[in-house]
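In what follows, a structure is listed as structure tokens, so that the remarks can point back to it.
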Amino acid sequence: MEQARTTISKIFNGEPRSYTRFNLTQNMEGDNSHVEMKLSADLDEEVGGNGVGETHQPNGVHGPYALRKTGRSPMNICFLVSATLLIFIIGYLIGYLVHRKKEEVALSCKLPDLRFSPPSVVQRETGAAPLMDWVDVKSLLAEQLSTEKLDQAFSELGSASHRAGSPGDEALATKVLSRFKAYSMHPWSDEHFVRVQEPDARKPNQVTFKGVPEKQTSFLSYSATGNVTGAIVYAYYGRKDDFERLEDFNMVLSGRVVLVKAGKISFAEKVANAARWNASAVLIYGDAAINELYGHVHLGSGDPYSPGFPSFNHTRFAAVQSSGLPSILAQTISWDLFQRIKGSLGGRLPPSEWRDVIRLGEEKDVVTVEVNNVLVEKKIHNILGVIKGLVDPDRYIILGAQRDAWGTGFAKSTVGTSVLVELARSISTMVKHRGFRPRRSIVFASWSAGDYGNVGSTEWLEGYLASLSMKAFSYISLDGVVTGSDKFNASASHLLQSLVQRTMKELSPIKEGEKMQWDANLQPMQMSDAAFPFLAFSGIPSISFRFTSTSDYPYFDTPLDTKEQLEKATSNRVSTLALAAAQVAGQMTLRLVHDYLLSFDLQGYDELITVYTADITRKLLILQKDQPTMLPREVTPEWLQGAAGSFSRAMSDLMDFIRDSELHDPEMCREINDRLMQVERNLLSPYVSPRDSPFRHIFIGSGQHTFKAIVDQLEAFRLQSPVVDVDTFKTELALATWTLQGCANSLAGDVWSLDNEI
């Protein structure tokens, strides 16, 4: 453990707390409840060493004691009566103490923080693995991980060229497969045939400005193809707010070629925003000295020519395309070409914070964009291995990392792949040689075609969605885990945010004898995040995290993403930060396969539901008061309020159920965990098509079925926007509400446990 603390102390300072407190917000019926969960060593004193109390039952006495008339003396009879009474009193006291012990255990096992501390002498469950002390588990992991081992992995798994489906990618896949075999992880290869865009070697893409054509080596996969000419307009990062600023300046956007800077949002979002404002093409430039910039512009994930279906064995299930494919041209340009364009732009001055250009562009600043990408089919391989659990082997967490890259891709893929194989080695050693017995299984996955939009992982999800439905309970992404050294950012399902925060506190460093606090900066998960399809498409609670800096790492998706550049960005601490990343991911993984109950915090979603319900209620009431003819009177928030209340009640009832449960019983734990696992999946709308809206999550996803879209529609009603439709709004509100109610019903348990108040 000292090794872990020493490593972290080189990076951050933090102070762990001895306990954490969770307050359940007021539900829709006005009920308040409060939950406090101790995380200190006091828990070991309150419960029997196994964390669930020692429940040694006294041996029963077979048959009643009977007095027979035998002619014995009254003294003997008195002795027998006294002995019987004494035995009865002793039995009563033992029963009372055992009952009190069980109550103490139940009171100490509350959601969302279900940590159980075992005794020095392990008590075995029927058919279960012995529960090792959590402190010992962390120490074993820290002993196995080292910067030296990670440096060796960097050397072995680094590659100058490993684009998806290339010989370099296949060579890396073979190395990962060999590693997994050496660790006795029963590895297998998952093969797909996917369609991607590549530049045409005979007819390269080019941009012509001021009559001078310039061929572009780099490209954006899935762009529309063709040739367009238009006047340039500068739109900063191409965000929605940036285009709205241009509208405020009365800039004409229709038919223009939009020039934007890389960063802040994905390339696909930039192009989608430009198309929304009727631009004809998008040019994207990077930071200084970057003359090659690669990426994709599919507003989605996976193979866009088989949306919702896996690309197995050349199979094409339907002649459809993803709705996320752009309708306009998109091309990256060199820094040199950007400088030429920048120096020639006329027109009005930009906003003061848009510092890259002097003018926004005018009608005479004409450019011609030519994109000649061609569609090709590639065979890719995902490599997977498993460490099987001993109690619930059919329940598993997945750790994944992208293996491919446009160029060297050291920060993008090499670091994450190295952390993946080192965690596989460390945990397998803990299981085989150090006595660790995971209750649940761990799947390790090396994905291909990540640079084309998480294609490899999404095709795997599409191919095995039914199998994963009630078996995969979490996903942790290791993509790009080190890009700087100033801070720690994380994105996670609301079910897992408290686990991230608790892990950071457990890894808090010690400086000068004083414990310091180390906080996680939790951010919303973006569509470009490698964990996003697991969460928003498959309903698997997911986490991604990154050691980063205040400014973005500028070399992703460029040939400059090398170990040398990353060392500069981290002040020569790549190995130390990679070790810290391995410890963070490793501890979260082990926590989820070690504890009796999954560390899922239902309160996070309860609070989110409350916020959305309050916002929609407020907007509806204001709209009906100020503009009574805008919506029919029957459109009210009561049904949504009832669904929100049902979720809160189901959450509270589950906590009560846990307090009354025997958590050393594997079947009881499995029943509770299954109810927890269903929450995320039941927040996927069953009413939308995977082609039109693949990200079906009603809170995290994208599309008209989400609660965010419903709030936006209410704002459009207030502004009397002509694009909103009353019937569509009523339908989407009803379907989202019923999706939420269905989630609450599932959380409540059996059908006879459901309320039918709404």
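The values are calculated or read from the model by the stated rules, or taken from the named source; none is laboratory data. In this text the structure is predicted, and so the values were computed from the model without any measurement. Please note: Cβ atoms are built from the backbone with ideal geometry, for glycine as well, and neighbour counts cover all protein chains shown. Note: areas computed on protein heavy atoms with side chains; ligands, DNA, RNA excluded. Shrake-Rupley method; radii C 1.70, N 1.55, O 1.52, S 1.80 Å.
For this structure, a couple of remarks:
- Here E462 meets the list (1) among the acidic types (D, E); (2) more than 22 Å from V500 (Cα to Cα); (3) open to solvent by less than 10 Å² (accessible area, probe 1.4 Å) almost entirely, failing just condition (3).
- Within segment 618-644, being under 17 Å from I698 (Cβ atoms) and either among the hydroxyl-bearing types (S, T, Y) or out of contact with any helix residue (DSSP H, G or I) (no Cβ under 7 Å at 6 or more places or on another chain) (or both) holds for one residue alone: G642.
- Residue in segment 600-617 that is farther than 29 Å from S441 by Cα, free of Cβ contacts under 8 Å to residues at least 40 places away in the same chain and more than 30 Å from the chain's Cα centre (by Cα) present: no
Conditions (1) among the hydrophobic types (A, V, I, L, M, F, W, C); (2) closer than 21 Å to P686 by Cα; (3) modelled with pLDDT of 90 or more, marked per residue:
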| residue | (1), (2), (3) |
| --- | --- |
| G703 | no, yes, yes |
| T706 | no, yes, yes |
| Q720 | no, no, no |
| D725 | no, no, no |
| T728 | no, yes, yes |
| L735 | yes, yes, yes |
| Q741 | no, yes, yes |
| N745 | no, yes, yes |
| I758 | yes, yes, no |
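- Test: residue in segment 678-690 that is among the β-branched types (V, I, T), under 17 Å from L640 (Cβ atoms), out of contact with any strand residue (DSSP E or B) (no Cβ under 8 Å at 6 or more places or on another chain) and at pLDDT 95 or above: no
- The residue list A405, A401, A411 contains one member that is under 20 Å from the mean Cα position of the chain (by Cα), in contact (Cβ under 8 Å) with a residue 60 or more places away in the chain and over 28 Å from N673 (Cβ atoms), which is A411.
- Checking each residue in segment 670-704 for being open to solvent by less than 10 Å² (accessible area, probe 1.4 Å) and either of a type in the set (A, V, I, L, M, F, W, C) or in a loop (DSSP other than H, G, I, E, B) (or both) picks out I672, L676, M677, V679, L683, S685, F695, I698.
- Residue list for segment 521-548, restricted to those being among the polar types (S, T, N, Q) and either open to solvent by 20 Å² or more (accessible area, probe 1.4 Å) or within 12 Å of the chain's Cα centre (by Cα) (or both): N521, Q523, Q526, S528, S538, S542, S544
- Out of Y237, Y222, sole residue that is among the aromatic types (F, W, Y), touching a His at 6+ places or on another chain (Cβ under 6 Å) and at pLDDT 95 or above: Y222
- Residues satisfying the stated conditions in segment 280-315, i.e. small (G, A, S), touching a strand residue (DSSP E or B) at 6+ places or on another chain (Cβ under 7 Å) and open to solvent by less than 10 Å² (accessible area, probe 1.4 Å): A281, G295, S311
- Residues that are touching a residue at least 60 places away in the same chain (Cβ under 8 Å), touching a Leu at 6+ places or on another chain (Cβ under 8 Å) and assigned to a loop (DSSP other than H, G, I, E, B), drawn from segment 626-664: M630, L631, V635, L663
- Condition met for S544 (under 13 Å from I398 (Cβ atoms) and at pLDDT below 95): no
- Selection count where residues are farther than 28 Å from Y555 by Cα and open to solvent by 10 Å² or more (accessible area, probe 1.4 Å), scope segment 393-436: 11
- Among the strands (runs of 3 or more DSSP E) confined to segment 309-387, the ones with at least 1 residues that are of a type in the set (D, E) are located at 366-371, 374-387.
- Taking segment 575-588 as the range and being of a type in the set (S, T, N, Q) and closer than 17 Å to A520 by Cα as the test, the residues that pass are Q583, Q587.
- Reported count of residues in segment 729-751, each being over 21 Å from R675 (Cβ atoms), touching a residue at least 12 places away in the same chain (Cβ under 8 Å) and open to solvent by 20 Å² or more (accessible area, probe 1.4 Å), is 4.
- Across segment 705-728, the number of residues qualifying as open to solvent by less than 60 Å² (accessible area, probe 1.4 Å) and in a loop (DSSP other than H, G, I, E, B) comes to 4.
- Residue match in segment 347-359 (condition: buried (at least 17 other Cβ atoms within 10 Å of the Cβ), in contact with a Gly (Cβ under 9 Å, 6 or more places away or on another chain) and of a type in the set (A, V, I, L, M)): no
- Residues located in segment 372-388, provided they are under 22 Å from the mean Cα position of the chain (by Cα) and open to solvent by less than 10 Å² (accessible area, probe 1.4 Å): N382, I383, L384, G385
- Yes/no for Y596 being open to solvent by 10 Å² or more (accessible area, probe 1.4 Å) and among the hydroxyl-bearing types (S, T, Y): no
- Residue among T706, T737 that alone is among the hydroxyl-bearing types (S, T, Y) and within 30 Å of F657 (Cβ to Cβ): T737
- Every pair of residues 6+ apart whose Cβ atoms lie under 6 Å, when the first sits in segment 188-206 and is closer than 21 Å to V297 by Cβ while the second is open to solvent by 60 Å² or more (accessible area, probe 1.4 Å) and of a type outside the set (G, A, S): R195/L375; R195/E377; Q197/L375; P204/K215; Q206/P213; Q206/K215
- Residues within segment 132-160 that are of a type in the set (A, V, I, L, M) and surrounded by fewer than 16 Cβ atoms within 10 Å (Cβ to Cβ), tallied: 2
- Segment 168-224, residues that are closer than 19 Å to T558 by Cβ, open to solvent by 60 Å² or more (accessible area, probe 1.4 Å) and part of a loop (DSSP other than H, G, I, E, B): T217
- Scanning segment 466-482 for any residue that is open to solvent by less than 30 Å² (accessible area, probe 1.4 Å) and at pLDDT below 95 turns up at least one such residue.
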